[in-house]
Amino acid sequence: MSLGSAQQAHHAIFKDGLQFACESGSNVLALGVDLKHALSLKQGNQIYLSKLLGDLNNPEVYAHTKTCLDTMKSLDAVACDLHPDLHSTILAIQLSERLNIPLIQVQHHHAHLAAVMVEYGLNQPVIGLAMDGFGYGTDGTAWGGECLYVNSDVSGTTCERVGYLKSVPMPGGDAASREPWRMAVAWLEDEQLSAQLFPTLAVATVSNLCKSELTPLTSSMGRLFDAASAILLGNTYAAFEGEAAIKLEQAAHGKLDASALPFKSKGGVIDMSEALHELAVRRLAGDEKPELAASFHATVANAFATLAKEKTTEKGGDDVILAGGCFLNQILETRIITSLESSGLKVWKSEQVARGDGGISLGQLWVACYELERRILCV
């Protein structure tokens, strides 16, 4: 990758990353998010995505990124996430103020889908399924099980939330991501049943938290899989990100013919309460765990593939993007792709760009470039 000798010092951070060709135009930098932190830069007719730089909560990673940003001069805009408390957001605000350039904030899941659009050069309207553990939503809640409609043209880019996983309480906030049983209690809404599943844990306390107006809400697919894993496999503590979901996927392998569990879908909102309740009852009755794990995967895949089909019919077009860390789950991904392609839809997923948050900055960049051009056209 050649950035010119005068630029190489402060662009060394992009060495060994990915490079994409684009139309010439604005120079834009995108800061991604804090975990799995990576930067993206558009300069002339090239886009550069850095390799993963680490976690911005780490002082060394933060200092390295800050040093790079302090050398940036010739930019037309800077992009970041919507979350107001991220280090990356605060750094973007500081850079915007120092250079007196626009700050463009991009919703997390919009950016996930946009990263795939950059990779394949897509400009047509698309339906996207974005599934992960957490992304700050436009309503201030934690999103993560989203069906979005993205439309981009010379007037800018829009992202409409056309469907999503039902929002449930996230008792204890971040503690719920470390202790999956909390999400099981939230989804089941049945203190007696939860106590049977987790007899040694503080089910009553967590159940009360779920009733509090102060408890944050989440539509996270990652937290849904945590709940199912806790119910079925007894995973009550996660030592690392995604551990409970990984164990659930491992339990489901070899059961490709599993039937789906009951669920509800109305007005684009998918409610998995019934599915988890049946999962709990059948687990307590002694049903085989691999069969139940596979049935849960089939349920989620059927629900969201059906939703995507409905929305492509409603909006027109035949392109569906899959994005977000939950699609590292091969069972979930394969089932959804098979269902969509059997209906004649074209499915797009990342191959070069990280499916998790390592690709977020690339999507932010894409949205910011459209937004900046829209601003220019409207002047």
Residue pairs, Cβ under 7 Å, 6 or more apart or interchain, first in region 11-26 and assigned to a loop (DSSP other than H, G, I, E, B), second among the basic types (Lys, Arg). List them. 16/51; 17/51; 22/42; 26/42
The lone condition residue 73 fails out of (1) over 16 Å from residue 362 (Cβ atoms); (2) crowded, with 18+ Cβ neighbours inside 10 Å is (2)
Helices (runs of 4 or more DSSP H) within region 270-379 that include 3 or more residues assigned by TED's automatic domain parsing to the domain that holds residue 244 and on the phi < 0 side of the Ramachandran plot: 273-284, 289-315, 330-342
When you go through (1) in contact (Cβ under 8 Å) with a residue 60 or more places away in the chain; (2) surrounded by fewer than 19 Cβ atoms within 10 Å (Cβ to Cβ) one by one for residue 191, which number turns out not to apply? (1)
Show the residue pairs meeting these rules: Cβ distance below 6 Å; 6+ apart or different chains; first residue within region 159-181 and assigned by TED's automatic domain parsing to the domain that holds residue 135; second residue outside any strand (DSSP E or B) and charged (D, E, K, R). 162/311; 171/182; 172/182; 176/182; 180/226
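Do we have residue 63 as among the small types (Gly, Ala, Ser) and either touching a Lys or Arg at 6+ places or on another chain (Cβ under 6 Å) or crowded, with 18+ Cβ neighbours inside 10 Å (or both) here? Break it down into steps so the answer makes sense when it comes.
On the way: among the small types (Gly, Ala, Ser): yes; either touching a Lys or Arg at 6+ places or on another chain (Cβ under 6 Å) or crowded, with 18+ Cβ neighbours inside 10 Å (or both): no.
No.
Could you tell me how many of the residues in region 223-252 are under 17 Å from residue 302 (Cα atoms) and either of a type outside the set (D, E, K, R) or part of a loop (DSSP other than H, G, I, E, B) (or both)?
So the first thing to find is which residues in region 223-252 are under 17 Å from residue 302 (Cα atoms), and the list is 224-225, 228, 249, 252.
Those still in the list that are either of a type outside the set (D, E, K, R) or part of a loop (DSSP other than H, G, I, E, B) (or both) too: 224-225, 228, 252.
The number of residues fulfilling the criteria is 4.
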Scan region 299-314 and give yes if some residue there is touching a residue at least 40 places away in the same chain (Cβ under 8 Å) and closer than 22 Å to residue 197 by Cβ, otherwise no. yes
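With the structure loaded, tell me whether residue 266 is crowded, with 17+ Cβ neighbours inside 10 Å, assigned by TED's automatic domain parsing to the domain that holds residue 230 and either in contact with a Lys or Arg (Cβ under 8 Å, 6 or more places away or on another chain) or farther than 20 Å from residue 132 by Cβ (or both) or whether it fails that test. Write out each step before concluding.
Values: crowded, with 17+ Cβ neighbours inside 10 Å: no; assigned by TED's automatic domain parsing to the domain that holds residue 230: yes; either in contact with a Lys or Arg (Cβ under 8 Å, 6 or more places away or on another chain) or farther than 20 Å from residue 132 by Cβ (or both): yes.
The answer is no for residue 266.
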Out of the residues in region 221-245 that are touching a residue at least 24 places away in the same chain (Cβ under 8 Å) and over 15 Å from residue 185 (Cβ atoms), state the one that is surrounded by the fewest Cβ atoms within 10 Å (Cβ to Cβ). 241
Report yes if some residue within region 255-269 is over 30 Å from residue 149 (Cβ atoms), within 25 Å of the chain's Cα centre (by Cα) and either at pLDDT 95 or above or not in a loop (DSSP other than H, G, I, E, B) (or both); otherwise report no. no
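The values are calculated or read from the model by the stated rules, or taken from the named source; none is laboratory data. Predicted model only: the values in this text are computed from it and were never measured. Heads up, the Cβs are rebuilt from the backbone with ideal geometry, glycines too, and the neighbour counts pull from every protein chain shown.
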